[in-house]
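A.B. asks: The structure under discussion is supplied below as structure tokens; questions concerning it will follow.
The values are calculated or read from the model by the stated rules, or taken from the named source; none is laboratory data. Since the structure is predicted, the reported quantities are computational estimates derived from the model, not experimental observations. A quick note on method: Cβ atoms are made from the backbone with ideal geometry, for glycine too, and the neighbour counts reach across all protein chains shown.
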Amino acid sequence: MTVNEYNKSVEAYSDHIYRFILKNIKNENTAQDIVQDSFEKLWINRKAVYFTKTKSYLFTTAYRTMIDIIRKQKRISLTDDQTIFESHEENSFSDIQEILHEAVEKLPEIQRSVILLRDYEGYSYKEIADITNLNESQVKVYIYRARVYLKNYIGKIENLV
Amino acid sequence: METINNHNYEVFFLDFLDGNLSESEMKEFSRFLQKNPSLKEELESFEEITLEPSDIKFENKQELIKKTQAQHFEITEFEYLCVADIEKDNNNEELKQLKKELSVSENKAAYTVFNAVKLQANENIVFSNKSKLLKKYVSVNFRTVISVASAAAILLFFVLKGDFVNSDSSESAGKQLSEKVIKNKNVKSDVFEDTNTKQNINPQEQILVTHNQTIKNSNKHVLAFDDNEPQNNKDLYKELIVSIPDIKNEALISNTDPIMTPENPMKFKNFNNMNFAINNKDKFWKYAEKGIHIWKKITKDDDIQLTNDYADNGSVNEVNFIASNFQFRKTYNKK
């Protein structure tokens, strides 16, 4: 990868990675640190990374760095058995995305990551599996469960204005 | 079937207990028991010996049961079909099943909600420190680098190939060569002096000794570079890198009479102060110009050029080297 290609990667992917990390950990400073760390790793390994694989490399690096930080901080459990269902059937929301993102924050960590990679970046099960170090079946299960959770969180169609 | 008697009654007993006796056999079996009350008691004791079925259960039964997709995902069948529809994972059979499910109005409403469950990234969230990540770089034109490097290589080649030795070393080398050649030919070292004396040449004047013409036209001179020189002398000549043709050419520039005779060899008033029209600097640029010309012919690269401006006496007034964006200009003599 050339310097020019590296800089193109910064312009093209830094926002995407930042959003993905920020949605997961809700801490701007940590999210910024993770983005910088990921690009620093990309720069160090630029000779071994093809430009076409840059995005995947950055997301993988950022995700794993984030997981390491989370584990260290022990703020969020990585298992999905702490799902607490909270229905908002009684509420109505003016913005579907607003409530969806509220619901995403309540998803178990792993489900949140895979659904964000799926919807934000349009990654396939295989690509998400590579980034998150899961197998494809696990990824699919987490995405399906997450969607059902989000659907149930929204509740009835009448809640959507 | 044989008739029941005291020897085979046990077989009849077992068939009776298993319910395998026919109607006629049952009648005969009853008559036999009435005639033998002791055996009837034995049969009754047989009937008491029965095994009750155990209530032992296979506990891992659940592991053998195959789950449906929905059960595997821990969601309902309908939920699975809805999500699979969003993810475009449904096969034809599942699509038909979903269509069937959607005929129920309640399911249709739920399906609409499912379709709304698609996250969209907030474009307003941007990474503000992007400039810190960008790396500065110098734009390098690869073609320019190649051109300059090639030109430099060619220049270096011609410089090393040419006889860019200073006058002192040239003289020294020539003298060294002459002495060795004379030694090899067993010629007296005073031959030059004799010749000069006989021709009444001023001691200040010296004869420029060159090969070919002068050699062949004069038997008075000891000529270092005859065509018939032994091979070892020629090798020595190569070893010392003395460029005879160049010396000859330089001499001819100053020679007013191009026809040389034994009586009229090429002469210079003062060899030491010989006024060469072309010096090393001029030769360098001349060779460089040739080198660039050859390079352009080979590569058809018009981005590189070296234009020299010469004075009437052959010396370089100005050189101008251009390779793409790189330019070098040197002025030696202003016009």
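A.B. asks: Tell me yes or no: at least one residue of region B:53-76 is at pLDDT 80 or above, within 14 Å of another protein chain (Cβ to nearest Cβ) and closer than 30 Å to B:Tyr111 by Cα.
C.D. replies: Taking every residue of region B:53-76 in turn, at least one turns out to be at pLDDT 80 or above, within 14 Å of another protein chain (Cβ to nearest Cβ) and closer than 30 Å to B:Tyr111 by Cα.
A.B. asks: OK, next. Taking into account only those residues within region B:99-124 that are assigned to a helix (DSSP H, G or I) and touching a residue at least 12 places away in the same chain (Cβ under 8 Å), which is nearest to the other protein chains (Cβ to nearest Cβ)?
C.D. replies: B:Phe114
To keep it simple, each residue is scored yes or no on (1) surrounded by fewer than 20 Cβ atoms within 10 Å (Cβ to Cβ); (2) at the interface with another protein chain (Cβ under 10 Å from one of its Cβ atoms); (3) out of contact with any strand residue (DSSP E or B) (no Cβ under 9 Å at 6 or more places or on another chain); (4) part of a helix (DSSP H, G or I).
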{"site": "A:Glu127", "(1), (2), (3), (4)": "yes, no, yes, yes"}
{"site": "A:Val139", "(1), (2), (3), (4)": "no, no, yes, yes"}
{"site": "A:Tyr144", "(1), (2), (3), (4)": "no, yes, yes, yes"}
{"site": "A:Lys151", "(1), (2), (3), (4)": "no, yes, yes, yes"}
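A.B. asks: Identify the residue in region A:28-60 that is more than 13 Å from chain B (Cβ to nearest Cβ) and either outside any helix (DSSP H, G or I) or hydrophobic (A, V, I, L, M, F, W, C) (or both) and, among all such residues, is nearest to A:Lys106 (Cα to Cα).
C.D. replies: Result: A:Phe59.
A.B. asks: Condition check: away from chain B (no Cβ under 13 Å), at pLDDT below 90 and surrounded by 19 or more Cβ atoms within 10 Å (Cβ to Cβ). Does A:Val104 satisfy that?
C.D. replies: Working: away from chain B (no Cβ under 13 Å): no; at pLDDT below 90: yes; surrounded by 19 or more Cβ atoms within 10 Å (Cβ to Cβ): yes.
No; evaluated as a whole, the condition is false for this residue.
To keep it simple, each residue is scored yes or no on (1) out of contact with any Cys (no Cβ under 7 Å at 6 or more places or on another chain); (2) exposed (fewer than 12 other Cβ atoms within 10 Å of the Cβ); (3) more than 30 Å from A:Ala146 (Cα to Cα).
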residue	(1), (2), (3)
B:Arg31	yes, yes, yes
B:Glu41	yes, yes, yes
B:Phe46	yes, no, yes
B:Leu51	yes, yes, yes
B:Glu59	yes, yes, yes
B:Phe73	yes, no, no
B:Leu81	yes, no, no
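A.B. asks: Going by the conditions given, is B:Leu21 of a type in the set (A, V, I, L, M, F, W, C), in contact with an Asp or Glu (Cβ under 6 Å, 6 or more places away or on another chain) and assigned to a loop (DSSP other than H, G, I, E, B)?
C.D. replies: Considered against the rule, which asks whether it is of a type in the set (A, V, I, L, M, F, W, C), in contact with an Asp or Glu (Cβ under 6 Å, 6 or more places away or on another chain) and assigned to a loop (DSSP other than H, G, I, E, B), B:Leu21 comes out as yes.
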